[in-house]
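Every number here is computed from the coordinates shown, using simple stated rules; none is lab data. Treat the numbers as computed from the prediction; the structure is a model and nothing was measured.
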Amino acid sequence: MRAAVVYLITLLTAFGLASAAAAAPPPRADEAQPLRAWMRDVVDKAASDKDFDTLKAVFASLAEHAPKGYDDWAAIARKGAEKAEAGEARAVRKQCLACHMRYQRDYRETMRGAAWPTTAGAR
């Protein structure tokens, strides 16, 4: 009898937890893709506003937090910081594109949910 009660409690507990997990909403894109959210919230705004001080900070953060195995990431970001400091909007965009062309697909496939220091460049 005691085994049956334990079994029943275990079954109900497991079912309750499974139900709660199934009812939980999926994570927001911001939570599931921290770098993407940071790019959208901080980087895109700074680029459209031609806020070169923020862009310089953004590129410095990108260089500092370059993922392992992405060998040219930091160099591309440092060059972007230099161009932002010089106020060269087209050259800044060129560095964004260089990094995206080189790493975006692989990053999405292997590191999409990786933590990112989202306070860098925040206003």
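Tabulated results
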{"read-out": "Hz values of 3J(HN,Hα) by residue in the stretch 106-115 - Karplus curve (6.51, -1.76, 1.60), Gly and Pro given as x", "value": "5, 4, 4, 6, 10, 9, 3, x, 4, 4"}
{"read-out": "Debye intensity ratio I(q)/I(0), log10, the stretch 29-110, q values 0.12 Å⁻¹ (C-alpha model)", "value": "-0.31"}
{"read-out": "Whichever lysines have a C-alpha closer than 16 Å to that of K45, once near sequence neighbours (fewer than 8 apart) are set aside", "value": "K56"}
